[in-house]
Amino acid sequence: MGARRLSLPRGIVLPVILLAVWEIAAHAAKSGGVLIAPIEQVVGSAVAMAVSGTLWTDTGFTVARVTVGFIGGAAGGLLFGSLIGTSRIADRLTSPSFHAVRQVPLTGWIPLAALLFGIGEGAKLSLIALAAFYPVALNTAEGLAGVPHGYRELGRALNFGGFTAWWRILLPAAAPQIFTGLKHGLAFAWIAAIAAELMLTSGSGLGTTIESGASLARLDIVMVGICLIGACGYIMAVGAERIEARVLRWREEGR
Amino acid sequence: MNVHIDEDRLMHGRSDVRPAGISVQLDHVSKSFNIKGRTLPVLRDISLNIAPREFVVIVGASGCGKSTLLRLIAGLDKTDSGEVKIDGRNIEGPGLDRGIVFQDHRLLPWLTAEQNVAAALIPLGVSKAERLAVARRCLAQVGLAGFESALPAQLSGGMAQRAAIGRALANDPAVLLLDEPLGALDALTRLKLQNEIADLSVNNPKTIVLVTHDIEEAVFFADRIVVMDASPGRIRKIIPVDLPRQRDRTGADFVELRRQVLREFVDDSH
């Protein structure tokens with residue numbers, strides 16, 4: 001169902017219209033003194049950035065950061081979510097703190113991360129990991145808590161130990177909701193990466209591209225950065241949907 | 001179903017070199033549940049000795065605690081007082097010596113039929129290849145050869161329940177516990193599976209405890225029928241069934257015995 005939502009043909013209509021509006025507006029604005037880079041100029045800058053290689057390194061850095069940060073944050077979320085989703089004591093001990101800390105928006109952590117880790121990779125990766133951590137932890141905990149009682153009982157009847165029951169029964173049973181968490185986590189990790197790069201400008205990255213383009217009043221470079229961020233995010237979302245559909249294929253059979 | 005052949009099979013089944021089977025003993029067992037602060041007695045002072053390889057069927061109206069009784073033997077619930085003994089030893093929770101089949105097949109929907117059966121062998125610590133080999137053998141035993149890689153959602157209700165029985169048999173437990181295993185099936189499928197379970201119980205004799213509200217099913221399977229009263233659950237009567245295995249449902253003895261058991265319930269409503 002998700003794959004259909006992301007399918008192309010009819011979905012291409014709106015972007016084409018928007019591009020047309022943009023192009024017309026850019027040319028109209030020239031006479032009005034407003035700075036809008038027309039599409040051909042943006043494409044030209046993109047080609048120039050691709051030839052010089054900065055386009056690839058910037059994209060590569062951001063994607064690599066998101067990958068590393070997401071894996072770390074998602075793994076942590078999976079473990080923490082499993083803990084509070086299976087142990088009532090752990091849930092009672094940590095849930096209030098978890099939900100309180102969760103209320104701090106990600107951008108609120110950026111100054112603290114900068115003070116703790118500087119403006120290098122440590123700060124960026126920890127912010128991305130944190131962004132992925134919350135939705136994965138939350139959905140894992142809820143998914144595990146919602147596993148039908150009969151499945152838990154089956155685990156006991158089959159003499160499964162705690163770990164075997166978690167790995168073989170609870171985790172697969174909660175997998176649909178865990179995947180929801182992973183998809184949200186990936187989206188948040190992507191947002192966090194751009195925000196961190198915008199505010200902690202050091203090294204390469206798409207956020208840095210936008211930031212430096214803006215400081216040079218180069219709207220074309222800013223637009224290239226925005227388009228790349230959108231495109232990469234889209235590819236990641238589609239990839240996640242594909243993986244989900246593959247892993248959860250068993251759900252389709254009953255329909 | 002011919003009685004002479006059945007006796008032969010019975011002989012062969014029993015003459016195999018197998019462990020002697022395991023007894024199940026309930027000793028003054030009581031159990032109650034707490035529901036919203038109120039204590040609801042479910043079982044009161046149940047004592048029952050089940051011999052090794054005996055097929056005992058527990059019948060009773062819904063709410064008589066017969067499923068709870070089975071869950072106590074399975075080790076899924078704990079007694080309030082009294083003891084449950086397997087082979088003379090007090091049980092401490094579920095064990096590999098007991099296999100259980102629930103009314104809902106309870107197959108894991110993300111595993112294929114053979115993976116579901118193989119899952120029962122995980123606690124034994126054998127290799128995956130060996131688990132799957134045993135699983136395929138068990139599926140063949142319950143008539144599911146060719147459906148090894150089917151997902152539960154692709155199986156009919158009867159087939160899913162066969163797979164569940166295969167899973168319960170996978171590690172060859174000495175005691176098989178069946179909690180209304182055929183209750184959710186249509187009448188024809190039920191007849192067919194009853195015959196197959198009867199075959200299994202002859203070919204691979206185990207101590208079997210089956211819970212049902214189907215009186216014909218009880219007469220069809222049981223060495224002894226345990227009739228239970230409700231609220232709180234008590235044993236009203238134990239009826240021995242001295243019919244040969246592979247019973248003829250239309251035979252005079254069978255029909256008479258069914259009438260006798262039925263009377264236990266019909267008289268109740270006067």
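The values are calculated or read from the model by the stated rules, or taken from the named source; none is laboratory data. Predicted model, so just to flag it, every value in this text is computed and none were measured. Neighbour counts are summed over all protein chains in view; Cβ atoms, including those assigned to glycine, are modelled from backbone coordinates with ideal geometry.
Hey, any hits in the stretch B:210-217 for a residue that's in contact with a Gly (Cβ under 9 Å, 6 or more places away or on another chain), within 21 Å of residue B:112 (Cβ to Cβ) and in contact (Cβ under 8 Å) with a residue 24 or more places away in the chain?
no
Inspect the stretch B:73-84 for any residue being touching an Asp or Glu at 6+ places or on another chain (Cβ under 9 Å) and in a helix (DSSP H, G or I) and give the result as yes or no.
Checked against the condition, which is being touching an Asp or Glu at 6+ places or on another chain (Cβ under 9 Å) and in a helix (DSSP H, G or I), the stretch B:73-84 yields at least one hit.
What residue, among those in the stretch A:167-183 that are over 21 Å from the mean Cα position of the chain (by Cα) and not aliphatic (A, V, I, L, M), is farthest from the other protein chains (Cβ to nearest Cβ)?
A:167
Just for the stretch B:111-122: of the residues that are of a type outside the set (A, V, I, L, M) and touching a residue at least 24 places away in the same chain (Cβ under 8 Å), which one is farthest from the other protein chains (Cβ to nearest Cβ)?
Quick first cut of the stretch B:111-122, residues of a type outside the set (A, V, I, L, M) only: B:112, B:114-116.
Next cut, touching a residue at least 24 places away in the same chain (Cβ under 8 Å) only: B:112, B:114, B:116.
Numbers: B:112: 9, B:114: 14, B:116: 10 Å.
Among those that are of a type outside the set (A, V, I, L, M) and touching a residue at least 24 places away in the same chain (Cβ under 8 Å), it is B:114.
Specify which of the listed residues (A:205, A:181, A:143) is on the phi > 0 side of the Ramachandran plot and either aromatic (Phe, Trp, Tyr) or buried (at least 19 other Cβ atoms within 10 Å of the Cβ) (or both).
Just a single option satisfies the conditions, and that option is A:205.
Find the residue count for the stretch A:200-212, including only residues that are out of contact with any Asp or Glu (no Cβ under 7 Å at 6 or more places or on another chain), in contact (Cβ under 8 Å) with a residue 24 or more places away in the chain and either in a helix (DSSP H, G or I) or of a type in the set (A, V, I, L, M) (or both).
Going through the stretch A:200-212 one residue at a time, the tally reaches 1.
Looking at the stretch B:123-148, which of the residues that are in contact (Cβ under 8 Å) with a residue 40 or more places away in the chain and among the aliphatic types (A, V, I, L, M) is farthest from residue A:160 (Cα to Cα)?
B:142
Can we say residue A:88 is exposed (fewer than 13 other Cβ atoms within 10 Å of the Cβ) and among the charged types (D, E, K, R)?
Judged against the criteria, residue A:88 is a match.
Pairs please, first residue from the stretch A:220-241 and within 16 Å of residue A:64 (Cα to Cα), second anywhere and of a type in the set (Phe, Trp, Tyr) and surrounded by 18 or more Cβ atoms within 10 Å (Cβ to Cβ), Cβ atoms under 7 Å, 6+ apart in sequence or on different chains.
So the pair list comes out as A:233/A:190; A:236/A:190.
So residue B:70 ticks every box in (1) out of contact with any Gly (no Cβ under 7 Å at 6 or more places or on another chain); (2) on the phi > 0 side of the Ramachandran plot; (3) surrounded by 21 or more Cβ atoms within 10 Å (Cβ to Cβ) but one. Which box is left unticked?
(2)
Filter the stretch A:156-166 down to the residues that are in a helix (DSSP H, G or I) and more than 11 Å from residue B:76 (Cβ to Cβ) and list them by number.
A:162, A:163, A:164, A:165, A:166
Only one of B:258, B:224 is of a type outside the set (A, V, I, L, M), touching a Pro at 6+ places or on another chain (Cβ under 6 Å) and in contact (Cβ under 8 Å) with a residue 40 or more places away in the chain. Can you tell me which?
None of the other options fit; the residue is B:224.
Would you pick out the residues in the stretch A:221-249 that are under 30 Å from residue A:40 (Cα atoms) and among the small types (Gly, Ala, Ser)? Show your work before the answer.
Filtering the stretch A:221-249 down to residues under 30 Å from residue A:40 (Cα atoms) leaves A:221-239.
Of everything in the stretch A:221-249, those that are under 30 Å from residue A:40 (Cα atoms) and among the small types (Gly, Ala, Ser) turn out to be A:225, A:230, A:231, A:233, A:237, A:239.
Looking at the stretch B:62-84, I want the residues that are without any contact (Cβ under 8 Å) to a residue 24 or more places away in the chain and have a partner that is in a loop (DSSP other than H, G, I, E, B) with Cβ atoms under 6 Å, at least 6 apart or on another chain. Which pairs are those?
B:75/B:91; B:75/B:93; B:75/B:94
Quick one: residue A:107 ticks every box in (1) out of contact with any Lys or Arg (no Cβ under 7 Å at 6 or more places or on another chain); (2) under 24 Å from residue A:199 (Cβ atoms); (3) β-branched (Val, Ile, Thr); (4) surrounded by 15 or more Cβ atoms within 10 Å (Cβ to Cβ) except a single one, so which number is it?
(4)
Just to be sure before I move on: is residue A:84 out of contact with any strand residue (DSSP E or B) (no Cβ under 8 Å at 6 or more places or on another chain) and under 24 Å from residue A:173 (Cα atoms) in the structure I sent?
Criteria met by residue A:84.
Do we find a residue being touching a strand residue (DSSP E or B) at 6+ places or on another chain (Cβ under 8 Å) and more than 17 Å from residue B:26 (Cα to Cα) anywhere in the stretch B:200-207?
Looking only at the stretch B:200-207, we keep the residues that are touching a strand residue (DSSP E or B) at 6+ places or on another chain (Cβ under 8 Å), and these are B:201, B:206-207.
Adding the requirement that they be more than 17 Å from residue B:26 (Cα to Cα) leaves B:201, B:206.
Within the stretch B:200-207, one or more residues are touching a strand residue (DSSP E or B) at 6+ places or on another chain (Cβ under 8 Å) and more than 17 Å from residue B:26 (Cα to Cα).
Checking the condition within 11 Å of chain B (Cβ to nearest Cβ), of a type in the set (Asp, Glu) and in a helix (DSSP H, G or I), which residue from A:153, A:197, A:142 passes? Even if it seems obvious, please write down each step before you answer.
On the way: A:197 fails: within 11 Å of chain B (Cβ to nearest Cβ); A:142 fails: within 11 Å of chain B (Cβ to nearest Cβ).
Checking each option against the conditions leaves just A:153.
Does the stretch B:155-163 contain any residue that is in contact with an Asp or Glu (Cβ under 8 Å, 6 or more places away or on another chain), without any contact (Cβ under 8 Å) to a residue 24 or more places away in the chain and under 22 Å from residue B:185 (Cα atoms)?
no
Look at residue A:191 and say whether it is in a helix (DSSP H, G or I), modelled with pLDDT of 95 or more, more than 30 Å from residue B:71 (Cα to Cα) and under 26 Å from the mean Cα position of the chain (by Cα).
no
Restricted to the stretch B:88-102, and to residues that are of a type in the set (Val, Ile, Thr) and more than 8 Å from every other protein chain (Cβ to nearest Cβ), which residue is surrounded by the most Cβ atoms within 10 Å (Cβ to Cβ)?
Filtering the stretch B:88-102 for residues of a type in the set (Val, Ile, Thr) gives B:91, B:100-101.
Now restrict to residues that are more than 8 Å from every other protein chain (Cβ to nearest Cβ): B:91, B:101.
Details: B:91: 20, B:101: 25.
Of everything passing the filter in the stretch B:88-102, B:101 is surrounded by the most Cβ atoms within 10 Å (Cβ to Cβ).
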